[in-house]
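Peer 1: The structure's right below; bear with me while I get my questions together.
The values are calculated or read from the model by the stated rules, or taken from the named source; none is laboratory data. Because the structure is a prediction, the values reported are computed rather than measured. All Cβ positions, glycine included, derive from the backbone under ideal geometry; neighbour counts span all protein chains shown. With ligands, DNA and RNA removed, areas are computed over all heavy atoms of the protein, side chains included. Shrake-Rupley method; radii C 1.70, N 1.55, O 1.52, S 1.80 Å.
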Amino acid sequence: MQINDKSETKEYLAHSERYNCMTYNRTGKSGILLPALSLGLWHNFGFVDNIQNAREILRCAFDLGITHFDLANNYGPPYGSAEENFGVIFKKDFKNYRDELFIATKAGYDMWPGPYGNLGSRKYLISSLDQSLKRMGLEYVDIFYHHRPDPDTPLEETMGALADIVRQGKALYVGISNYQPKETQEAAKILKRLDVPFILHQARYSMLDRWVEDGLLETLEANGVGCIAFSPLAQGMLTDKYLKGIPKDSRAAKDLTYLNEEAVTSNLDKIKGLNIIAENRTQKLSQMAIAWILRQPQVASVLIGASSASQLKENVKALENLNFSKEELDLIEKIIN
């Protein structure tokens, strides 16, 4: 996959004021500061997507002070293509800025055929990261995550693989994703014993999905680990997209894996009620939803996707109003509970 040079895209020079417009938060008890908003490459960066658009989004993100780009081995589609496209763009635009970037990838879901391309074995994790580094053209990633728990592989093996990855210089820090509080505590204990910098837990979190509040945030706080929240807009439900019904070209209308018409319909009253609060705050619903998550002290960053540079800029405006009154929070609780 090559960038279409006929687009007359000029050589990239990052905006000189990029660090003046972003808020940075400490990640747990580590030395790492993450931008309050990070860019996820889950959607819109695969071979089925327009690579020139992806390039514009990444440039826009960095110009806005977003230093953290989040990938995974299976992002695409097809699997691996988001990393490969990122590698092409990185070489063109960001190679000279490598030390200003905090790049993540993950492994844990189905990636290649056979018994060694899934879950949490040592063989899978190390092989997957080697492949990811090759696709992205990187010597190391800043953080490597185990993407989900593996109920059949001993946790000592999975965490031991993460530890060796750090010692091999292939990642500077490690993290986990989608782990329950008990599993997170056990992982933290093992990684502490192995003297490995465990700094982030990536968890699904939104106004409509609050499972992390049932013990996970407290577990992270106790272990000095930060939280980075993904799907903050509940796959698009916490936007103005569905206020007047389900558009034919929307994700819900296409009945994709993570969102369908029933999910939207069942939450529509909540969405409309939240939208009224957002309007009273002079925010879009999406901006308020992001700000609401960032009020949690354990949350270092909110991971957002973007289909265009303009959409990214709109979501970054959430940082212009992060404060909530007690009355607003009480009303939000009443609506979503």
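Peer 1: For the pair Tyr116/Arg193, report the inter-label distance in nm, with labels modelled 7 Å from Cα in the Cβ direction.
Peer 2: Label at Tyr116, label at Arg193, 2.7 nm between them.
Peer 1: State in Å² the accessible area per residue of the chain; use a 1.4 Å probe, count heavy atoms of protein chains only, and round to the nearest integer.
Peer 2: Accessible area per residue: 46 Å².
Peer 1: For the stretch 271-334, rounded, prolate or oblate, judged on the Cα gyration tensor with a ≥ b ≥ c (square roots of eigenvalues), a/c < 1.5 rounded, else prolate if a/b > b/c?
Peer 2: Taking the square roots of the gyration eigenvalues as a ≥ b ≥ c, the stretch 271-334 is oblate.
Peer 1: In percent, what relative contact order does the stretch 274-337 have, based on Cα pairs under 8 Å that are 6 or more apart in sequence?
Peer 2: 38
Peer 1: OK, next. Over the stretch 280-324, what percent of the accessible surface lies on carbon and sulfur atoms, probe 1.4 Å?
Peer 2: 40
Peer 1: Please list 181-193, 224-236 highest first by mean number of surrounding beta-carbon atoms within 10 Å per residue.
Peer 2: Put in order of decreasing packing, that is 224-236, 181-193.
Peer 1: Same structure again: How big is the dipole moment of the chain about its Cα centre under a simple scheme where the beta carbon of each Lys and Arg is +1, that of each Asp and Glu is -1, and everything else is neutral? Debye, nearest 20, please.
Peer 2: For this selection, approximately 360 debye.
Peer 1: Now for a different question. Within 15 Å, Cβ to Cβ, of Gln296, how many net charges do the neighbouring residues add up to if Lys/Arg are +1 and Asp/Glu are -1?
Peer 2: Result for the local shell: -2.
Peer 1: Within the stretch 1-80, which trypsin sites (Lys or Arg not before Pro) sit in a loop by DSSP and count at most 16 neighbouring Cβ atoms inside 10 Å?
Peer 2: Lys10, Lys29
Peer 1: Once you sort the root eigenvalues of the Cα gyration tensor of the stretch 199-247 as a ≥ b ≥ c, which label holds: rounded (a/c under 1.5), prolate (a/b larger than b/c) or oblate (the other case)?
Peer 2: prolate
Peer 1: Rg(Cα) of the chain divided by 2.2 N^0.38 Å?
Peer 2: 0.97
Peer 1: Would you list the P(r) distribution for the stretch 158-215, with all Cα-Cα distances sorted into 10 Å bins from 0 and each bin expressed as a whole %?
Peer 2: Taking every Cα pair in the stretch 158-215, the percentages come to 22, 49, 22, 7, 0.
Peer 1: What relative contact order, as a whole-number percentage, does the stretch 183-337 give when Cα pairs under 8 Å and 6 or more residues apart are counted?
Peer 2: 24
Peer 1: What's the carbon and sulfur percent of the stretch 59-126's accessible surface, probe 1.4 angstrom, rounded to a whole number?
Peer 2: 54
Peer 1: Just going by the charge dipole of the chain, with Lys and Arg at +1 and Asp and Glu at -1 on Cβ, which of Ala61, Tyr205, Val225 is farthest out on the positive end?
Peer 2: Projecting each Cα onto the dipole axis, the largest value belongs to Ala61.
Peer 1: All other residues with a Cβ under 13 Å from the Cβ of Glu333 taken together, and with Lys, Arg as +1 and Asp, Glu as -1, what is their net charge?
Peer 2: Summing Lys/Arg as +1 and Asp/Glu as -1 gives +1.
Peer 1: For the pair Ile276 and Tyr12, what calculated FRET efficiency results from E = 1/(1 + (r/R0)^6), where r is the Cβ-Cβ distance and R0 = 30 Å, to the nearest 0.05?
Peer 2: According to the calculation, E is roughly 0.15.
Peer 1: Next question. With each pseudo-label sitting 7 Å past Cα toward Cβ, what's the Ser310-Phe47 distance in nm, one decimal?
Peer 2: Placing both labels 7 Å beyond Cα along the Cβ direction yields 3.1 nm.
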